[in-house]
Every structure is written in structure tokens, then in C-alpha cells.
Amino acid sequence: MVDDMGWNDVSYHGSDQILTPNIDTLASQSVILKEYYSEAICTPARSALLTGKYPMRIGMHGFPLYNSEDRGIPITERLFPEYLKRLGYDTHLVGKWHVGMSRQEFLPLARGYDSHYGMRGGFIDYYTHHKVEAWPNGRQFFGLDFFDNDIPQDDEKRYIVDAITDRAIEIIQNHNESRPMFLHLAQSAPHAGNEGGLLQPPLFSTVKNKHIAHSDRRLYAEMVTHLDSSIGKVVQALANKGILQDTIIVFASDNGAPTVGMFNNWGVNLPFRGKKQTPWEGAVRVPAFIWHSSLRPKVWDGLMHITDWMPTLLAAAGGEIGTEIDGINQWNSIAGNGEPKRKEVLIAVEDSAMNVYAAYRAGDYKVIVGNVSGLSNGYYGAEFMRLKDSPPDYFSSLRACEVAKVFESFGLYLDYDKVSTMRKASSIQQIDPVRDLTPCEPSPLRGCLYNVRRDPTESHDLWLRAPKIGVTLTKRVSALFAMQRRRGPLALDDRSDPANFGYRWLPWLNDTSPGDANDTNSVTNVGPNEIEVKFIDSPAINSTGVTTVASVIGCDRTTGFINLLCLLRTVF
């Protein structure tokens, strides 16, 4: 899993700007998932992957975890690696966690992993491995967030991508082949670093990608190029160990790129609309494919969600869940010619006082309802895609990469026509020629409706043209929204300050019981040493001067769930 990589940041989708030859060579021999949905941001995506459940069911939806927040995947949930351990697997997490770090019982070693090497929070500096966390009141906490199991890596000096890659290779080399292995490799790249150094390409190397006109995009490309090279090294290690052909490899981004705004990395999600942390396709429709030596390469257009990985891969390993989840076992559909099993997906849920919205897809249609004011609802990054020179030759780059050499050692040679056909089939085609003069944004009186199979760019709203479909999907959104496990106000804990632990981000609540884990983030659990961050109810007129739901339909001063129900009542 890579971090914050946009749709247009891999070259197998058709762009020659940032070449990703190792990723593309793998993809050309894989089942490419063209209609794959993740979550809109980090913590929800990783929660969905590890539980097979929509994050809103376990209180892990919405804004991602602060390092100083007492919240995590509820300890009552059995996670993906725990299921695999029951099947005899060795389980290792290398890289990013970001689903709970305030207590030992939230950490990877307590959740089914035999080892964890990497960061516990959302992001770190690529060189110092420190996280600087800014609170809403302007206060800053900062310290090391890089660990080998429970041992702080104070003396680690390597570039973060290299340190993570080297550990993954070490685990592969030392693996006992008599046992199966699950290696969860979660790179922090190409996520931005701390605010003072958002773009952090490798030092002491010549800046390549000279054909890219925009300087920041070019630096971002250096990070992606290095990440691509690291993937080639991991595949080579699997081949050297003699286990590559017995290995399933999944590649996916956790969410779309934050092209602009907070912690932007100059990644590009075009032709999709929006960016990370929005309900638009640019946030949730991400690069993904699955490789195994037995799979017939194809571009699969079945609907798939990040929650599907757990039941799908467990089925491939001979296991099963045995409990109700949102994920669907799609192994037979992917590995064979079976019909795709997923017919609907809850794409995004946000339930805060600032924004309340939901996005849902059924079949070819997607609906967005709620308040998206203040979000990035446009199309971003076209200027970053400009070239000042001809890019390197695409097919030659693939032939020269590490993965291609590994495949050639097995007698598998890239075929130009087949690679080109797969690449063309993987690119997004806009079938609907109509483009609204003003892109639709949900309002208190209506949602936005798209046929995303024909209109993947979400540029032609069908709300008034297909009212029955809009109402049907909106009712389903209402039912799903009502199932969520509500989150309390954001509660940041003064006791988490890394200065208390030698400037290291360590669990600070090991002497207390989490009880029902996600209730720890409610107002009733704020202790005397904690600060509580409350977002006060919005007034009837918001900052943009647009009338809110409350003033339109008599739901005065409502926020959160009640606010959305008011909107849905108006829609009905």
C-alpha cells in the first residue's frame, strides 16, 4: 500500500509524465482493478482494509487520527492478520499503521502482527523520522515516530523509503519457507512530510524527470520514481528467495492525492474530480491491481472496495471470516471468469459540525448528498501535467526495469502490443460528452447524481433527469448513514506530548482501561489534563453566505446526523 498516490501518478493508466516501470510491468501481468474504491483518507482506509468493515461502523470514519488522540480500531474487532495467524501465517507490518497508538493494546503487536517496523501515526519526516503535530489551538507537539517493535529508532539515518524497503527485504530473506507469510508493506511515500518540508525526494542524487515543467511536480516525481524502484527490489528479493511464483502481490493506494491544500504533495487525480478527503472520485478511485503467477492478465471492471481484500485474500489462502462484514469475497470473480459480486458501495461518510455528507454507488450510479462547502470540489493539477521536453520512451523503460528482468528469468517477456492494449484498457474513457457549465455541488434541496460508468469525471449531473434513481440511492444512503457508530468531539490529550518521553511518540495511557475503545474520544472521557476541541454548531448562514439546511427546512441549529436527516427529508 502506497500513501496518497493519485490516479495520474502511475504510468500504466496512460500518462508518460511520471514513468513507473516496475509498477507498470507488474500491472501488465496482473488483474488491474479499474473500478476499485478505497476510502477518502488514511485512517478510514486502513481501518477498512484491516476489518473488512465500513469505517463508519466502528467509529473510524472522518478526519484521520491525531497522534495525540486516544482512539483506535476497537479491540473487540478481529483484524486481518489475526485471521491469517489462525491459518499458520507469519505476519509482519513494515511501514505505516495509523489506526491507534495511545495504548499498547491499539498497536500492531497486540492486533495480530508478529513484528512491526515503521511509524505508528499518519506521516513523518523522510529524514529525521519525526512527526510535528499542530493542534487546532496552534500548539505543536513533536518527536520521533519510528519504531522496531517497541524500540525507538533514534539512530536511524536512512531515507524512510529505503529503511522500510530494506526491512521488507530482510524479512523475506530470513523467512522460514515451511510457513506461509503475510507481509503488509505500507510505504509512507509519496505522502507529504511535515509542513516545513512537504516534498522530500532522495538526497545526494541527480534530479531526474527533466521533461516535467513544474518544479514541485518534478520533485514529487523523484519520490514516485524512488518508490517504484523500491518495489522492483522487493520483487527481486521474492524471486531470489524462490517464493515469487507462490506469492500474491496486491498494489493499491490508500486514497487519492492531495493535489492542493493542506499537506499537498502535487499528486494528480485527473481526469477525476476532487482530491483526498472529499466524496469525489479523485479521493476514492485509486490505482490497484493484484498479481499472481496463475492469474490471467486482464483489466477487470467489476466494482471492488477496500473492505473486499480481507475476505478475498483469506479465500485465496483457504480461510473464511465467519462473521458479518461489509467486505465481499471476490476471489473467484478475479481469478476466474465469475460475475463481480459487489453491486453497491458506501464510498464516503463525514459527520462533523463542519461538513456532513455521504457518497454512495449502486451499479453505474453514484449519489453525493450533504454539505461539501469549503471542500476541494473542482479539478486539480492540469498545470502540473505540462511537459517541457519529450519523456523517456515508455516501453524501453519497462524492458530495463528490475521486475522485467525478474520476469525474463522465468521466461516471461513483455510484449509491446499486449502491454499497450492493457494500458489503453486501464485508462479512463469519458463516454458521456455533456459537461455542465457549473459543476454540481449538493445543496440543502438536492444532491448530485452521476452515471460514473459513462461519466467518471462527474461532470454531468443527472439529479433532475433521473429523479427516481436519485431518490432510491438517497434512501439507501440514509439507511447506511443511520448505522454509523457516532464519534464524540475531537479530544487531544496533553499527556501525549513526546517531550514527556524524550521526544518520542509513545503510548501514554497504558495504566488505564480503554473500555469500549472508541468511546474514549467522547466529551465524557476528557480528563483534567486533556484539552477538548469542540466545533461549535454552525449558524444559519455559513461563511460563504449560502443558506444552510437548518434555515431552509426548520431544523434550526442542528449538526451531524440530525443535520443530514433534515437534508434527506427535504430530498424525499
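Remarks
- Restricting 56, 101 to residues that are buried (at least 24 other Cβ atoms within 10 Å of the Cβ) and assigned to a loop (DSSP other than H, G, I, E, B) narrows the list to 101.
- Filtering segment 133-155 to residues that are of a type outside the set (Gly, Ala, Ser) and open to solvent by less than 20 Å² (accessible area, probe 1.4 Å) leaves 133, 135, 141, 144, 145, 146, 147.
- When residue 458 is tested against (1) open to solvent by 70 Å² or more (accessible area, probe 1.4 Å); (2) at positive phi, exactly one condition is not met: (1).
- Any chance residue 158 is basic (Lys, Arg), free of Cβ contacts under 8 Å to residues at least 12 places away in the same chain and surrounded by fewer than 18 Cβ atoms within 10 Å (Cβ to Cβ): yes
- Any hit, segment 323-334, residues being touching a helix residue (DSSP H, G or I) at 6+ places or on another chain (Cβ under 8 Å), closer than 30 Å to residue 18 by Cα, modelled with pLDDT of 95 or more and open to solvent by 10 Å² or more (accessible area, probe 1.4 Å): no
- Exclusive hit being in contact with a strand residue (DSSP E or B) (Cβ under 8 Å, 6 or more places away or on another chain), of a type outside the set (D, E, K, R), within 22 Å of residue 192 (Cα to Cα) and touching a residue at least 40 places away in the same chain (Cβ under 8 Å), set 68, 47: 68
- Counted residues, segment 164-208 - those being in a helix (DSSP H, G or I) and touching a residue at least 12 places away in the same chain (Cβ under 8 Å): 11
- Contacts under 6 angstrom Cβ, first residue in segment 323-337 being polar (S, T, N, Q), partner open to solvent by less than 60 Å² (accessible area, probe 1.4 Å) and assigned to a loop (DSSP other than H, G, I, E, B), 6 or more apart: 332/338; 333/340
- The set of residues in segment 366-378 that are surrounded by 20 or more Cβ atoms within 10 Å (Cβ to Cβ) and either of a type outside the set (A, V, I, L, M) or outside any strand (DSSP E or B) (or both) comprises 366, 370, 371, 372, 375, 376, 377.
- All helices (runs of 4 or more DSSP H) inside segment 388-440 with 1 or more residues being modelled with pLDDT of 95 or more, closer than 30 Å to residue 462 by Cα and not polar (S, T, N, Q): 416-426
- Residue 109 passes every criterion in (1) of a type in the set (A, V, I, L, M); (2) part of a loop (DSSP other than H, G, I, E, B); (3) open to solvent by 30 Å² or more (accessible area, probe 1.4 Å) apart from (2).
- Any chance residue 125 is at pLDDT 95 or above, among the acidic types (Asp, Glu) and out of contact with any Pro (no Cβ under 8 Å at 6 or more places or on another chain): yes
- Residue ID - modelled with the lowest pLDDT, chosen from residues in segment 232-269 that are over 23 Å from residue 178 (Cβ atoms) and of a type in the set (A, V, I, L, M): 262
- The single condition among (1) touching a residue at least 24 places away in the same chain (Cβ under 8 Å); (2) more than 21 Å from residue 29 (Cβ to Cβ); (3) in contact with a helix residue (DSSP H, G or I) (Cβ under 9 Å, 6 or more places away or on another chain); (4) open to solvent by 10 Å² or more (accessible area, probe 1.4 Å) that residue 291 does not meet is (2).
- Answer residue from segment 63-98, given it is basic (Lys, Arg) and under 21 Å from the mean Cα position of the chain (by Cα) and is most open to solvent (accessible area, probe 1.4 Å) among those: 78
- Residue within segment 15-22 that is open to solvent by 10 Å² or more (accessible area, probe 1.4 Å), out of contact with any Gly (no Cβ under 8 Å at 6 or more places or on another chain), of a type in the set (Gly, Ala, Ser) and assigned to a loop (DSSP other than H, G, I, E, B) present: yes
- Test: residue in segment 474-485 that is crowded, with 18+ Cβ neighbours inside 10 Å, modelled with pLDDT of 95 or more, closer than 25 Å to residue 44 by Cβ and among the hydroxyl-bearing types (Ser, Thr, Tyr): yes
- Scanning segment 209-225 for residues that are assigned to a helix (DSSP H, G or I) and touching a Phe, Trp or Tyr at 6+ places or on another chain (Cβ under 7 Å) yields a count of 3.
- For segment 201-236, the set of residues classified as surrounded by fewer than 21 Cβ atoms within 10 Å (Cβ to Cβ), farther than 30 Å from residue 44 by Cβ and aliphatic (A, V, I, L, M) consists of 203, 207, 213, listed by residue number.
- With respect to (1) within 26 Å of residue 406 (Cα to Cα); (2) out of contact with any strand residue (DSSP E or B) (no Cβ under 6 Å at 6 or more places or on another chain), the lone exception for residue 288 is condition (2).
The values are calculated or read from the model by the stated rules, or taken from the named source; none is laboratory data. Computed from a predicted model, the values in this text were never measured in an experiment. Positions of Cβ are backbone-derived with ideal geometry, glycine not excepted, and every protein chain shown enters the neighbour counts. Just so you know, the surface numbers come from the protein's heavy atoms only, side chains and all, with ligands and any DNA or RNA stripped out. Shrake-Rupley method; radii C 1.70, N 1.55, O 1.52, S 1.80 Å.
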